[in-house]
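Computed from the coordinates by the stated procedures, all read-outs in this text should not be read as laboratory data. Keep in mind it's a predicted model, so treat the numbers as computed, not measured. Positions of Cβ are generated from backbone atoms using ideal geometry, with glycine treated the same way; all protein chains shown enter the neighbour counts.
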Amino acid sequence: MAFKSKLINLLKLIFPSSFIELGIFAFFIICYGILGSYIALNYRIIFDDRIPWDAYFSFDNRSIIMTGGSFERHPLAYYFFNWIRELALLISGGKTNDTFRLTLAWFSNLVISSSIVQVFKYLKNIISLPLFFSLLITFFFGLFSTNIILSFTPENFTYTLFLLTLFNYYAAIKIKKEEKIPAIPLILAGISIGGLTVTNIVKVFIPVVFEKGLFKNWKKFGNAVFRITLTCICFILLYLNRIDFKYKTIFSKTNSQYEKFSNVKSTPIWDMISSYFFGGNILFPSFIIRDKHNMKGFDFKGLFMDVYTSGIPYIFISILLTLILWSYFRNFKNKFVQILMISFFIDIIIHCIMRFGLHTSYIYGGHFVFVYPLLLGWLFYSYKSSPKILSFLTIILGLLFTYLASSNYLRMTEFFWFLNQYYQ
């Protein structure tokens, strides 16, 4: 009975567990599915055997599908994408054709749609927002550029977004019940989340620090240290096994990657931070086309995001960030909010302060965009007894929603122009 109960709870955690959750899942899987299916069946951009990287927005589709990406940043992704690739090849009869691309697109679609359901679950069950506000914020989140692009893009970030939203919701349930996060779920989260992107393993440990009475009881503190240590040991052993225990290659490769992705000076840092890191993951900037090659004699066109070219997108992002900061300081003593903000701050340090990949930070949205809707949810919740302010916030979010929908729709028409020109 105990096993059956745990299995049911696990299924309720991962999958839609109510009619409204099922409706949200169905809505997004249909919308994203139409988009991804059309692209997969009519264009070769999702997977082209000649193009390992940079066909659009610096994503490494072919490289990720075939190898999982570089081991120093994505140490265990190799094993995960082996399963994805082989299953897609099984469905397509061993060919990398339109069926292969369609399968990959639908994997991404299922994962991103599930991520949006996890955000709704958090808003409804952890924050206890009224249904209207939960739906408004959820659909606002569904329009983010990161979700639109990742809904048909086979990438590490696609699956990372789902795993992070799932784990944050699970951890929030445990903390709300004043329970500790058991060792096995913590280890699984560390291996899966850290295995897809190594720096994200730190985010797995953040909720542990906020477990009830952790720093007032030495036994609880010792148990937390034990769970974190055990997770690290399991992760490190798997990581080293992946590279045949040649640990010195980690440092040399990591250093070369940092030098490669941290010394771009073509755009002012403040504009890369605003247009790419804070903005590009939510509101598409304008696009630019560049000539690319695959290092083996094949030339192709790559699509990249440019900085914002008018004042309105900067105003949009400024208003959204103001709401996020408002939520943080309004709920400063709320441990759920602190967990989210500390997680977000890790990415700010990596990309904005250390400047790793800052010039293409719009592709890293899967690591942190879910923080925006959740912090918005906490802001709305904090004013549940103030109808006037709640109405004001609703109007502001409604205006942001409208602009986001129209602007991102326009940019996607430009994306399809690019596909029609170069990838039919």
In order over the stretch 163-170: 3J(HN,Hα) from phi, Karplus 6.51/-1.76/1.60, θ = phi - 60°, whole Hz, x for each Gly or Pro, gives 5, 5, 5, 5, 5, 5, 5, 4
The answer for GluC sites (Glu not before Pro) in the stretch 155-211 that fall in a DSSP coil and have at most 16 neighbouring Cβ atoms within 10 Å is 178, 179
Over the Cα atoms of the chain, what is the Rg over Rh ratio if Rh follows Kirkwood?
0.95
Under 23 Å Cα-Cα from residue 246, which lysines qualify once same-chain neighbours fewer than 8 residues away are excluded?
260
Please enumerate, by chain and number, the aspartates and glutamates with C-alpha under 12 Å from the C-alpha of residue 220, excluding those fewer than 8 residues away in the same chain.
179, 211
With just the Cα atoms defining each centre, how far is the stretch 269-285 from the stretch 167-209? Give it in Å.
28
Can you tell me which of 233, 173, 191 moves the most in a GNM of the chain? Springs connect C-alpha atoms under 10 Å apart.
233
Packing rank of 331-337, 377-383, where each peptide gets the mean count of other beta carbons within 10 Å, highest leading
377-383, 331-337
Choice from 219, 301, 121 with maximal GNM fluctuation in the chain (Cα, 10 Å cutoff)
219
Expressed as a whole-number percentage, the relative contact order of the chain with C-alpha contacts under 8 angstrom and at least six residues apart is 20
Residue with peak Gaussian network fluctuation, the chain [Cα springs, cutoff 10 Å], from 91, 317, 127:
91
Set the Förster radius R0 to 30 Å, insert the Cβ-Cβ distance between residue 217 and residue 3 as r into 1/(1 + (r/R0)^6), and round the FRET efficiency to 0.05.
0.50
222 nm [θ] for the chain, helices only, -39500 (n - 2.57) per DSSP H run of 4+, per residue, to 500?
-21000 deg cm²/dmol
Could you give the dipole magnitude of the stretch 289-424 about its Cα centre, charging the beta-carbon of Lys and Arg +1 and that of Asp and Glu -1, in debye to the nearest 20?
400
Suppose the chain between residue 91 and residue 385 were pulled fully straight at 0.36 nm per residue; how much longer would it get relative to their current alpha carbon spacing?
100.5 nm
Using the Kirkwood radius over C-alpha pairs as Rh, can you work out the diffusion coefficient of the stretch 294-379 via Stokes-Einstein at 20 °C, viscosity 1.002 mPa s, in µm² per second?
142
